[in-house]
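The values are calculated or read from the model by the stated rules, or taken from the named source; none is laboratory data. Because the structure is predicted, anything quoted here is derived from the model rather than measured. As a convention, Cβ positions derive from the backbone with ideal geometry for all residues, glycine included, and neighbour counts pool all protein chains shown. When the accessible area is computed, the model is the full protein with side chains, heavy atoms only, and any ligands, DNA or RNA have been set aside. Shrake-Rupley method; radii C 1.70, N 1.55, O 1.52, S 1.80 Å.
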Amino acid sequence: MDLLVKTTVVAVILAVVAVAAIALAYHPQKAQLTQGAAEQTVMSDLKANNPNASIQIVNVSPSRLENDSWQIIVSITYNATKPCPTLFIEGFDYPATGLSPTVDNLYTRNCTVYGISTAPSYVISSPEIAIVESYEASGVAAKGYVSEWGYANTNVNATFHPELNASVTPMNRSFANIWLVNYSASNAGYDYYVALSQSGSIVGNYTLKK
C-alpha cells in the first residue's frame, strides 16, 4: 500500500512538472515596444488632451530607467503664429513612467520669456521664444504694428540664420547667428521685421512693402 501511495505521489509530481514545463515553453514572450509605437502612444495622448496645440517631437532616445522604454521630448505650442505664443517642453519616459511627464518646462506665456532676465548667457533656441522676445524687447515698434492692424489679423514667424548677408535686408549689415522675426498683418500694406541676437537683444528693424 505504501508503495502504491508513493508511486501515485511521484506520478502526480511528474505530471505537475510536465505541465509547468509545457506552459513555460509555450508562454508568449512580452513584445518589445518599438520607438515608433511609443511615439504614437505619447502623441495620441497629448493631442487628445491638447486639441488646440501644435505638438512636435523634439528628441527620442532609449530610456535610462528600463529596457524597451523610450525618453520622448516634445514641444507643445499654443498660438504659434501670433505675437505671444505659449511654449511648453515636456518629456516622457514611456512606458516606464506611463503618460505622466518626467520633464515639464514652461518657456513662454502671456508675452513673457521665463528665465531670460536671470540668465546672462541665455540662448534663444526656438522660434516661439524669438517671437515673444522681439515683441517685448522692441519697445513700441512691434506692439504698435500689432495694435494698429489688430492682433487677430497679424501672423508672426521667426527664422534663424547662422549667417545673414548684408544684401538680404535693407539694414545693409551682415549678421551671424541672428533671428529674423516677421510681422505680417493681412490688412496692412507692409510687413514689419525685427532682427534679434541669440541672447535676445534687438540689433535692427525695418519694414517692407508687400
Solvent-accessible area of residue 84 with every protein chain in place, 1.4 Å probe, in Å² to the nearest 10: 20
Gap separating the Cα centres of region 108-180 and region 38-56, nearest whole Å: 27
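Can you check how the C-alpha radius of gyration of region 38-125 compares to 2.2 N^0.38 Å, as a plain ratio? Walk me through the numbers before you get to the answer.
Details: Rg = 14.3 Å, N = 88, 2.2 N^0.38 = 12.1 Å.
Cα Rg divided by the expected 2.2 N^0.38 Å: 1.18.
Can you pull the Kirkwood radius for region 86-183, inverse mean 1/r over Cα pairs, to one decimal in Å?
Details: mean 1/r = 0.0636 Å⁻¹.
Result for region 86-183, one decimal place: 15.7 Å.
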Signed unit charges on C-beta, dipole axis of region 69-210, positive-most listed residue 80, 187, 108: 187
